[in-house]
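As structure tokens, the structure follows; a few thoughts come after it.
The values are calculated or read from the model by the stated rules, or taken from the named source; none is laboratory data. This one's a predicted model, so the numbers in the text were calculated from it and none came from an experiment. Here Cβ is always computed from backbone atoms with ideal geometry, including for glycine, and neighbour counts include all displayed protein chains. Just so you know, the surface numbers come from the protein's heavy atoms only, side chains and all, with ligands and any DNA or RNA stripped out. Shrake-Rupley method; radii C 1.70, N 1.55, O 1.52, S 1.80 Å.
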Amino acid sequence: MFFTPPLATLRRDGSALVILDQTELPWRLVERRLGTLEDVLEAIVALRVRGAPLIGVAAAHGLALALERDASDSALEAAIARLLATRPTAVNLRLALEAQRNVLAPLPPAERPAAAWAEAERQRRDDAARCEAIGRAGLPWIETLARRLDRPVRILTHCNAGWVATCGAGTALAPVYLARAAGIPLEVFVSETRPRNQGLITHWELTRAGVPATLIADNAAGLLIAQGEIDLVLVGADRIARNGDVANKIGTYLKALAAHAHGVPFLVAAPATTFDPACPNGAAIPIEERAAEEVLTVAGLPPGASDPVPVRLTPLPARTRNPAFDLTPARWITAILTETGAWPAPLAAANTPPPST
Ligand code: MRU
């Protein structure tokens, strides 16, 4: 293991799930105890637990909590349906729940709660192992650039695809942590990722880990790419279609467009749990539209305050659009990093065996 997360993003504690509440980051480290299915549903919708792989594993634990109360066939299906409805784009959620159903449905109800906890734990460990393998798949790309350059490798990332978004070293950030551990000089440019500013979490986790990180406004990425200040773009994914099109955090598309225009390699890092063979292409991926409030407010720490507060950005009533993800076409993606290596986008799904569901 080349990187050990400084704390668990989620863990079982008796008959509860304890999560790192991501809505408190990067200001405060706050753990939150989730004792019911309703708690888990709220945590996923509110982005207390976020990041495609982590959402899946959290949902698997949420199902175990639901079955502690009622493990009948109808309760099992009702809980799966409610969890599935929380976030529509990241497919890891569906795969995690399908894996749970395959384990639980054949069992008598009395055996289901224990089996659900065991399957949730298997998924937690499995995700950590997948992150590690993705790191190894990505390392050679950074090594090659480092050999060619007489300065630190400059990597641009978007959103948060680090340890905070997974149960391990992260997806897009796993190769970064591995390269850092190997002593390769590098610097990561992090776009803030409005409206929810997941980039601030990335900047926080990289800085904590001693990785040089530079925070930029989302709109600055195009200029930096055009001026040759970025050697590699490295992002995560929330769902990958059969043809290699990728859904990822809103803003990814524009970075891919700029990288394509300027010949900068654009890598997507994702485990097999992010591939959706049922989606022929990106157009078939549902895009989550989130609340207007996210566009109309930002959260921050007023001078002297210890608690972050939301601040409204406009005094006027405003119509908004808030798509949470966008679609990057396979033809702009240099390679997809998975557990089995680096593949051209259209071939990645075929060369990454689906997780057992
Ligand atoms: O809406 P979020 O914060 O759950 O978004 C998901 C993500 O974290 C990103 O899109 C990420 O790049 C892929 S998940 C490791």
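Points to keep in mind about this one:
- Looking across VAL103, VAL45, one residue alone is out of contact with any strand residue (DSSP E or B) (no Cβ under 9 Å at 6 or more places or on another chain), surrounded by fewer than 22 Cβ atoms within 10 Å (Cβ to Cβ), of a type outside the set (D, E, K, R) and free of Cβ contacts under 8 Å to residues at least 40 places away in the same chain. It is VAL103.
- Scope the range 174-183; condition crowded, with 24+ Cβ neighbours inside 10 Å and either near the ligand (Cβ under 9 Å from one of its atoms) or among the small types (Gly, Ala, Ser) (or both); matching residues: ALA174, ALA179
- The residues of the range 46-63 that are more than 8 Å from the ligand (Cβ to nearest atom) and not in a helix (DSSP H, G or I), listed by number, are ALA46, ARG48, VAL49.
- Qualifying residue in the range 110-122 (condition: within 13 Å of the ligand (Cβ to nearest atom) and either free of Cβ contacts under 8 Å to residues at least 60 places away in the same chain or surrounded by fewer than 24 Cβ atoms within 10 Å (Cβ to Cβ) (or both)): no
- For beta carbons closer than 6 Å, sequence separation of 6+ or different chains, a first residue in the range 266-283 that is in a helix (DSSP H, G or I) and a second that is β-branched (Val, Ile, Thr) and within 12 Å of the ligand (Cβ to nearest atom), the qualifying pairs are THR274/ILE240.
- ARG12 vs. criteria closer than 30 Å to ALA269 by Cα, modelled with pLDDT of 95 or more, touching a Phe, Trp or Tyr at 6+ places or on another chain (Cβ under 8 Å) and of a type in the set (Lys, Arg): yes
- Index of the failed condition, LEU267 passing every other in (1) within 13 Å of the ligand (Cβ to nearest atom); (2) farther than 21 Å from ILE134 by Cβ; (3) in contact with a strand residue (DSSP E or B) (Cβ under 8 Å, 6 or more places away or on another chain): (2)
- Subset tally (residues that are open to solvent by less than 40 Å² (accessible area, probe 1.4 Å), among the hydrophobic types (A, V, I, L, M, F, W, C) and closer than 16 Å to LEU257 by Cβ) for the range 325-340: 4
- The range 70-90, subset hydrophobic (A, V, I, L, M, F, W, C) and under 20 Å from ASP238 (Cβ atoms), residue farthest from the ligand (Cβ to nearest atom): ILE80
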